[in-house]
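Q: Sharing a structure with you now.
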Amino acid sequence: MIRYHSTNRHLENVPGIVAFKETVSFKEALLQGQAPDEGLFMPDPIPMLDVKDILALKGKPYADAAFLVAAAFLKDELDPAAVRSVVDDAYNFSVPLEKVYGRKYLMRLDQGPTASFKDFAARMMARLMSRFRDAGRRLNVLVATSGDTGSAVGEAFKGVAGIDVTILYPRAEVSGIQQKQLDTIGANVVALSIDGKFDDCQDLVKRAFSDPDLVQFNLTSANSINFGRIMPQTVYYIYAYAQLADPGDEIVFSVPSGNFGDALGCEYARRMGLPVHRLVMPTNENDEFPSFLNSGLYEKVSPSRACLSNAMNVGHPSNLARFFELYGGNVDRTGCVHKYPDRQEMRKRIFSVSVSDAQTRETIKSVYDRYGVILEPHGAVGWKGLEAYLEGVEDWPLCCSLETAHPAKFPEHVTNLLGIVPEPPPSMQGIEERKGEAVKLSGDYFEFKSYLTRTLKTRD
Ligand SMILES: *Cc1c(COP(=O)(O)O)cnc(C)c1O
């Protein structure tokens, strides 16, 4: 049986933390999100895959790779036919693998409904939550967003049975296009435009979660530390390997990293048996992790630095606790290290480097000039990290770098640097014409609570 424990289970005498020593099922980890001691849930044991089964995915649809992984994680909790219908429904878009040169590839994770890799995790998680909720009892997802996560979550849950989504966003802090994306999802997804900052939205959501009057509504979060979002992120590494590798090959992946959820998917894929030679984890100028690998001392970057790759402006990655635990260490939510991991082992498996904004711009330009491949800032950090690895550490034949968003989401950078206007993916076309209004709220908790009490449903 696979059980899930908290990264904080061994902490003793730490003020404010009461270690959670029990284990839970996948279903409980999915619906609770975080352990009661604010630790992160970790699967034990990690299920193993046979490399033969992975290689047999060559030429097969993405959903087949998702089935292989999800069935392994859920074998004790969901029957294979249900897993099949979850993955078939979640993955109805393409996953292009673009050759850059030789056997160096780019995997574009930008063909989903909001054109970022977050669609992959959010869509599987939404469908699993729908399956695992108590029959007849409605789940209400509350999310605070500063922009992109909210629309990825909203689109992922759109039309999913038995679940309603309420998204809170700060009225003055989202871009015009982000607001349009959030306001117009429709169906079972409502946007609340809050007169306040992102932190105010987060505070409203946190208060609602701990408000006993709202327990009847079965509130849940869909945040990025949920293991239900990590598991689907192991799939594309397995898929890419199957498409690109010959038997016996080992592959290098480069993953532009912020909260480390994406890279964690690769770390788990390797531990499940995928022949990953090295995981390259470039960051932007928020360099706490590459600095730690070099110096052995972990210090979060606070406040975080604002870089072009804005979805990676993270000064203390929320999934670092999982990486530390996988290498024998422990760090808590605040960035306090209780036990250092085995850094030698980490450096054997992981290469990390900080990429500046200037290097990000240069990379967008040089990759286009040399190979005709269009990158946006996040993907450029990924590619630059791979170049740094190949030049500085060792050349390696089979490599795949991840492009985590569509270049059309960052027209200002791409157009300024390359003089071209990237063609938007189908999911982003016609967005200006979409109709929908947000509900405007002041940011007062009691007004928000009264809104929830009036509008949320408790049953199907
Ligand atoms: C969230 C995000 C990232 C960073 O992923 P993590 O899992 O937080 O490391 C990179 N690129 C884009 C476009 C993102 O939205």
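Q: Quick check: anything in region 352-369 open to solvent by less than 50 Å² (accessible area, probe 1.4 Å), in contact (Cβ under 8 Å) with a residue 60 or more places away in the chain and within 15 Å of Gly419 (Cα to Cα)? Break it down into steps so the answer makes sense when it comes.
A: Start the filter on region 352-369 by keeping residues that are open to solvent by less than 50 Å² (accessible area, probe 1.4 Å), which leaves 352-357, 360, 363-364, 366-367.
After this cut, where a residue has to be in contact (Cβ under 8 Å) with a residue 60 or more places away in the chain as well, the list is 352-357, 360, 367.
Those still in the list that are within 15 Å of Gly419 (Cα to Cα) too: 367.
Yes, because at least one residue in region 352-369 is open to solvent by less than 50 Å² (accessible area, probe 1.4 Å), in contact (Cβ under 8 Å) with a residue 60 or more places away in the chain and within 15 Å of Gly419 (Cα to Cα).
Q: Just need a number here: residues in region 223-267 that are outside any helix (DSSP H, G or I), of a type outside the set (Phe, Trp, Tyr) and within 21 Å of Asp395 (Cα to Cα). Walk me through how you get there before you give the answer.
A: Here is the first cut: in region 223-267, the residues outside any helix (DSSP H, G or I) are 223-226, 245-260.
If we keep only those that are of a type outside the set (Phe, Trp, Tyr) as well, we get 223-226, 245-252, 254-259.
Those left that are additionally within 21 Å of Asp395 (Cα to Cα): 245-252, 254-256.
The qualifying residues number 11.
Q: Just one of (1) β-branched (Val, Ile, Thr); (2) part of a strand (DSSP E or B); (3) more than 25 Å from Asn310 (Cβ to Cβ) trips up Val160, so point out which.
A: (2)
Q: Would you mind listing the strands (runs of 3 or more DSSP E) fully within region 1-115 where at least 2 residues are under 19 Å from Ser224 (Cβ atoms) and outside the structural domain of Glu387 (by TED's automatic domain parsing)?
A: Values: elements: 3-6, 41-44, 97-101, 104-108.
In region 1-115, 3-6, 41-44 are the strands (runs of 3 or more DSSP E) which contain 2 or more residues that are under 19 Å from Ser224 (Cβ atoms) and outside the structural domain of Glu387 (by TED's automatic domain parsing).
Quick grid of which residues meet (1) closer than 27 Å to Thr184 by Cβ; (2) open to solvent by 30 Å² or more (accessible area, probe 1.4 Å); (3) in a loop (DSSP other than H, G, I, E, B); (4) without any contact (Cβ under 8 Å) to a residue 12 or more places away in the chain:
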| residue | (1), (2), (3), (4) |
| --- | --- |
| Gly436 | yes, yes, yes, no |
| Lys440 | yes, yes, no, no |
| Glu447 | yes, yes, no, yes |
| Lys457 | yes, yes, yes, no |
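Q: Can you pull out the residues in region 21-49 that are more than 14 Å from Ile2 (Cα to Cα), more than 21 Å from the chain's Cα centre (by Cα), without any contact (Cβ under 8 Å) to a residue 60 or more places away in the chain and crowded, with 16+ Cβ neighbours inside 10 Å? Before the answer, list the steps.
A: At the first step, the residues of region 21-49 found to be more than 14 Å from Ile2 (Cα to Cα) are 21, 31-40, 49.
Still in the running and more than 21 Å from the chain's Cα centre (by Cα): 21, 36-37, 49.
Applying the additional criterion that residues be without any contact (Cβ under 8 Å) to a residue 60 or more places away in the chain yields 21, 36-37.
Matches in region 21-49: Asp37 only.
Q: Count, please, the residues in region 403-418 that happen to be of a type in the set (Val, Ile, Thr) and either closer than 16 Å to Ala311 by Cβ or open to solvent by less than 30 Å² (accessible area, probe 1.4 Å) (or both).
A: Initially, region 403-418 is screened for residues of a type in the set (Val, Ile, Thr), giving 404, 414-415.
Next, only the ones that are either closer than 16 Å to Ala311 by Cβ or open to solvent by less than 30 Å² (accessible area, probe 1.4 Å) (or both) stay: 404, 414.
Of the residues in that region, 2 qualify.
Q: Next question. Quick test of your reading of the structure: Cys266 fulfils all but one of (1) crowded, with 24+ Cβ neighbours inside 10 Å; (2) touching a residue at least 40 places away in the same chain (Cβ under 8 Å). Name the failing condition by number.
A: Result: Cys266 passes all but (2).
Q: Of the numbered conditions (1) in contact with a Lys or Arg (Cβ under 9 Å, 6 or more places away or on another chain); (2) modelled with pLDDT of 95 or more; (3) under 29 Å from Asp44 (Cα atoms), Gly335 satisfies every one except a single condition; which is it?
A: (2)
Q: Which numbered condition in (1) open to solvent by 10 Å² or more (accessible area, probe 1.4 Å); (2) within 16 Å of the ligand (Cβ to nearest atom); (3) not hydrophobic (A, V, I, L, M, F, W, C) is the only one that Ser210 fails?
A: So the condition that Ser210 fails would be (2).
Q: Only one of (1) within 16 Å of the ligand (Cβ to nearest atom); (2) within 20 Å of Tyr237 (Cβ to Cβ) is not met by Pro397, so which one is it?
A: (1)
Q: Something else: For the subset of region 58-94 comprising residues that are of a type in the set (A, V, I, L, M) and closer than 21 Å to Asp110 by Cβ, which member is surrounded by the fewest Cβ atoms within 10 Å (Cβ to Cβ)?
A: Ala63
Q: Could you tell me whether Val215 is among the β-branched types (Val, Ile, Thr), away from the ligand (no atom under 16 Å from the Cβ) and open to solvent by less than 10 Å² (accessible area, probe 1.4 Å)? Walk me through it before giving the result.
A: Working: among the β-branched types (Val, Ile, Thr): yes; away from the ligand (no atom under 16 Å from the Cβ): yes; open to solvent by less than 10 Å² (accessible area, probe 1.4 Å): no.
Criteria not met by Val215.
Q: I would also like to ask the following. What is the number of the single condition among (1) within 16 Å of the ligand (Cβ to nearest atom); (2) closer than 25 Å to Pro425 by Cα; (3) not in a helix (DSSP H, G or I) that Arg123 does not meet?
A: (3)
Q: In region 170-194, what residues are open to solvent by less than 10 Å² (accessible area, probe 1.4 Å) and touching a residue at least 40 places away in the same chain (Cβ under 8 Å)?
A: Selection gives Leu182, Ile185, Ala191, Leu192, Ser193, Ile194.
Q: Taking the condition of being farther than 19 Å from Gly147 by Cα and more than 11 Å from the ligand (Cβ to nearest atom), how many residues in region 304-321 meet it?
A: Taking region 304-321 and keeping what is farther than 19 Å from Gly147 by Cα, we get 316, 319-321.
Narrowing the set further to residues that are more than 11 Å from the ligand (Cβ to nearest atom) leaves 316, 321.
Counting residues in region 304-321 that are farther than 19 Å from Gly147 by Cα and more than 11 Å from the ligand (Cβ to nearest atom) gives 2.
Q: Quick one: Pro377 ticks every box in (1) open to solvent by less than 30 Å² (accessible area, probe 1.4 Å); (2) assigned by TED's automatic domain parsing to the domain that holds Gly328; (3) more than 16 Å from the ligand (Cβ to nearest atom) bar one, so which box is it?
A: (3)
Q: Whether any residue in region 232-243 is modelled with pLDDT of 95 or more and either of a type in the set (Asp, Glu) or open to solvent by 20 Å² or more (accessible area, probe 1.4 Å) (or both) is what I want to check.
A: Restricting attention to region 232-243, the residues satisfying the condition of being modelled with pLDDT of 95 or more are 232-243.
Cutting the leftovers down to either of a type in the set (Asp, Glu) or open to solvent by 20 Å² or more (accessible area, probe 1.4 Å) (or both) gives us 239, 243.
Scanning region 232-243 turns up at least one residue that is modelled with pLDDT of 95 or more and either of a type in the set (Asp, Glu) or open to solvent by 20 Å² or more (accessible area, probe 1.4 Å) (or both).
The values are calculated or read from the model by the stated rules, or taken from the named source; none is laboratory data. Please read these numbers as outputs of a predicted model, since none were measured by experiment. Please note: Cβ atoms are built from the backbone with ideal geometry, for glycine as well, and neighbour counts cover all protein chains shown. Protein only, heavy atoms only, side chains kept; ligands, DNA and RNA dropped before computing areas. Shrake-Rupley method; radii C 1.70, N 1.55, O 1.52, S 1.80 Å.
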